[in-house]
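**Q** The structure is given below, and queries will be raised subsequently.
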Amino acid sequence: VMGEYQATAAALWIAHTFTYRAGETTPYLSVRSAEKRSGKSRLLEVLDLLTYEPLRTGNISVAALAHSVNEGCTLLLDEVDTIFKANGAGETQEMLRGVLDAGYRIGGYYVRMAGQGASMHAQRFDCFGPKALGGIGRLPGTLDDRSIIITLKRRIRSEPVRRLRMREA
């Protein structure tokens, strides 16, 4: 369940994914809840149907993230709570966060060396683009600050729901 204002914010963010290149910044969408089975993954599935060039995944390498965003996709990353575990981030988590941190403002890049031997050169990957991050709890502070927060709660039995059939969507 999400509130009316959150639904409006999500709809506006969906429209933003088609026009983000006209701006200098892009807010992320943080889809969160305090518990499992609150609809986070389902919302990301709906966003997958409605956003510009969606890439929905539950896990991604740093290189795949950099290449995908560089190509202009809307990243829909689920299970971020498992990526950014509370017990301390490893090198890969910090690199992922670095790419995500750099991508909220135009001109943010992920830079790596490419080529062989004397032809080695720094290659830039544009990180700028819309991203929705779903998970239990809060994102790391730098990502949280760049996000529109959508907090979902589990529906109770008395709240009506219409089942989403992907084949009908």
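The values are calculated or read from the model by the stated rules, or taken from the named source; none is laboratory data. It should be emphasised that the depicted structure is a prediction, and the values quoted were computed from it without experimental measurement. Here the Cβ positions follow ideal geometry from the backbone for every residue, glycine too, while neighbour counts run over all protein chains shown. Note: areas computed on protein heavy atoms with side chains; ligands, DNA, RNA excluded. Shrake-Rupley method; radii C 1.70, N 1.55, O 1.52, S 1.80 Å.
**Q** Of the residues 92, 51, only one is of a type in the set (Ser, Thr, Tyr), closer than 15 Å to residue 13 by Cα and more than 11 Å from the chain's Cα centre (by Cα); which?
**A** Numbers: 92 fails: closer than 15 Å to residue 13 by Cα.
Being of a type in the set (Ser, Thr, Tyr), closer than 15 Å to residue 13 by Cα and more than 11 Å from the chain's Cα centre (by Cα) holds for just one of 92, 51, which is 51.
**Q** Step by step: first the residues of the range 1-34, then only those that are part of a loop (DSSP other than H, G, I, E, B) and not acidic (Asp, Glu), then the one that is nearest to residue 144 (Cα to Cα). Which residue is that? Steps first, answer last, please.
**A** To start, the set of residues in the range 1-34 that are part of a loop (DSSP other than H, G, I, E, B) comprises 1-3, 23-24, 26-27, 34.
Then keep just the ones that are not acidic (Asp, Glu); that gives 1-3, 23, 26-27, 34.
On the way: 1: 21, 2: 19, 3: 20, 23: 20, 26: 13, 27: 10, 34: 15 Å.
Of everything passing the filter in the range 1-34, 27 is nearest to residue 144 (Cα to Cα).
**Q** Moving to a separate point now. Could you run through the range 56-71 and say how many residues are more than 23 Å from residue 91 (Cβ to Cβ) and under 13 Å from the mean Cα position of the chain (by Cα)? Spell out how you get there, then give the answer.
**A** Taking the range 56-71 as the starting set, the residues that turn out to be more than 23 Å from residue 91 (Cβ to Cβ) are 56, 71.
Narrowing the set further to residues that are under 13 Å from the mean Cα position of the chain (by Cα) leaves 56.
Counting residues in the range 56-71 that are more than 23 Å from residue 91 (Cβ to Cβ) and under 13 Å from the mean Cα position of the chain (by Cα) gives 1.
**Q** Any residue in the range 149-159 that is surrounded by 14 or more Cβ atoms within 10 Å (Cβ to Cβ) and of a type in the set (Asp, Glu)?
**A** For the range 149-159, residues surrounded by 14 or more Cβ atoms within 10 Å (Cβ to Cβ) and of a type in the set (Asp, Glu): absent.
**Q** Just a yes or no: is a residue in the range 73-88 touching a helix residue (DSSP H, G or I) at 6+ places or on another chain (Cβ under 8 Å) and of a type in the set (Gly, Ala, Ser)?
**A** no
**Q** Would you point out which residue out of 74, 82 is open to solvent by 60 Å² or more (accessible area, probe 1.4 Å) and among the β-branched types (Val, Ile, Thr)?
**A** Details: 74 fails: open to solvent by 60 Å² or more (accessible area, probe 1.4 Å).
Step by step, each of 74, 82 is checked, and only 82 is open to solvent by 60 Å² or more (accessible area, probe 1.4 Å) and among the β-branched types (Val, Ile, Thr).
**Q** Now for a different question. Taking the range 35-50, which residues are open to solvent by 60 Å² or more (accessible area, probe 1.4 Å) and assigned to a helix (DSSP H, G or I)? Reasoning before the result, please.
**A** Initially, the range 35-50 is screened for residues open to solvent by 60 Å² or more (accessible area, probe 1.4 Å), giving 35-37, 42, 49-50.
Across the range 35-50, the qualifying residues are 42, 49, 50.
**Q** Conditions first: (1) on the phi < 0 side of the Ramachandran plot; (2) open to solvent by 30 Å² or more (accessible area, probe 1.4 Å); (3) not aromatic (Phe, Trp, Tyr). Residue 140 passes all but one, so which condition is the exception?
**A** The number of the failed condition is (2).
**Q** Could you count how many residues in the range 105-129 are open to solvent by less than 60 Å² (accessible area, probe 1.4 Å) and either in contact with a helix residue (DSSP H, G or I) (Cβ under 8 Å, 6 or more places away or on another chain) or within 30 Å of residue 16 (Cβ to Cβ) (or both)?
**A** 8
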